[in-house]
Amino acid sequence: MANTEKAEAPRAFDGNVEEIADLKTQFDVIRFMKRMAEHYGCRTFMVLNLPHATSRELSNNTVITNWPAELMSLFDREGMMQTSPVLRRLRTSTIPFTFDLDTVPPERQGPTIRGIFGRFGVVRGAYFPVHDMSGSRGAVSFAGDGLTFTHQQMMELMYISIHVFERLAEIRNLDVRPTDTLTDREIDCLNWTAAGKTSAEIAEILGLSEHTVNHYLNRAAKKLDTVNRTQAVAKALRIGLIK
């Protein structure tokens, strides 16, 4: 991440913020974020919904990102959601913060964290807590292996993050048709599935038959235009139907 500041930076920053309101699709936002990451000297960006305490996979809570697929897979496979100091901090604070693996003693970061993130050049960066108009919390991150952000860059990225998260929520709401509305039982089944429960376990919890639980999950997947319960849970999390 570069800390050089160009004379034209304020004008460029104003233009970037104004551009966000005109982004029409999630893909437009992805292209915009790729450009912002490059502008601020970063390798990666991520926009995520703040995961529920029972959530096990970062991938299910990610709205958009350019993380390499292998990095995301390794993160989830190693169960790093449960021990992540970043997620703990995001749950207890709304203040932006930076991180730098080079300044964390090896005994505190562990070989897994350094090995995985260092391999992909994600050594330092920043997280920006955000929320949308419904109050749903999330965060935006920018990271790489360059220099630390300046105070001015942190302020700019915070402002960009707020607007990007809000715009994604607006785009998401346009994609949810009234016919997609889920029943309370369908939402219950999706919530328990997100918590790692099987159909048999959900049936016992809700006092239903396993067949009925599967019926609710299949119907929810169809309403959400997804092909299975895993995709249905991921989309429901992404659009804020479940937490």
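The values are calculated or read from the model by the stated rules, or taken from the named source; none is laboratory data. Just so we're clear, the structure is a prediction, and the values are computed from it rather than from any experiment. Neighbour counts are summed over all protein chains in view; Cβ atoms, including those assigned to glycine, are modelled from backbone coordinates with ideal geometry.
Name the residue, out of SER209, SER199, that is in contact with a helix residue (DSSP H, G or I) (Cβ under 9 Å, 6 or more places away or on another chain), under 21 Å from HIS52 (Cβ atoms) and among the small types (Gly, Ala, Ser).
Values: SER209 fails: under 21 Å from HIS52 (Cβ atoms).
Criteria check complete, one pass: SER199.
Residues checked against (1) farther than 23 Å from GLY146 by Cβ; (2) of a type in the set (Phe, Trp, Tyr):
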site	(1), (2)
ARG35	no, no
ILE64	no, no
LEU71	no, no
ARG91	yes, no
PHE97	no, yes
GLY118	no, no
GLY121	no, no
TYR127	no, yes
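Scan the stretch 128-146 residue by residue and report those that are outside any loop (DSSP other than H, G, I, E, B) and either touching a Lys or Arg at 6+ places or on another chain (Cβ under 8 Å) or without any contact (Cβ under 8 Å) to a residue 40 or more places away in the chain (or both).
Scanning the stretch 128-146 gives PHE128, PRO129, VAL130, HIS131, ALA143, GLY144.
Please work out which residue is nearest to SER136 (Cα to Cα), limiting yourself to the stretch 206-229 and to residues that are of a type outside the set (Asp, Glu) and touching a residue at least 40 places away in the same chain (Cβ under 8 Å). Spell out how you get there, then give the answer.
The initial filter retains those residues of the stretch 206-229 that are of a type outside the set (Asp, Glu), namely 206-209, 211-224, 226-229.
If we keep only those that are touching a residue at least 40 places away in the same chain (Cβ under 8 Å) too, we end up with 223-224.
On the way: LYS223: 22, LEU224: 20 Å.
It comes out as LEU224.
Give me the residue from the stretch 231-243 that is part of a helix (DSSP H, G or I) and touching a residue at least 60 places away in the same chain (Cβ under 8 Å) and, out of that set, surrounded by the fewest Cβ atoms within 10 Å (Cβ to Cβ).
Going through the qualifying residues, I end up with ALA234.
Return yes or no: is GLU19 of a type in the set (Asp, Glu), modelled with pLDDT under 90 and either assigned to a loop (DSSP other than H, G, I, E, B) or over 18 Å from the mean Cα position of the chain (by Cα) (or both)?
no
List the pairs whose first member sits in the stretch 45-66 and is among the acidic types (Asp, Glu), whose second member is assigned to a helix (DSSP H, G or I) and surrounded by fewer than 20 Cβ atoms within 10 Å (Cβ to Cβ), and whose Cβ atoms are under 6 Å apart, counting only residues at least 6 apart or on separate chains?
Final answer for the pair search is GLU57/ASP76.
Would you pick out the residues in the stretch 213-227 that are assigned to a helix (DSSP H, G or I) and more than 15 Å from LEU182 (Cβ to Cβ)?
Result: ASN214, single match.
Across the stretch 47-98, what is the number of residues that are among the hydrophobic types (A, V, I, L, M, F, W, C), modelled with pLDDT of 90 or more and not in a helix (DSSP H, G or I)?
Final tally of qualifying residues: 8.
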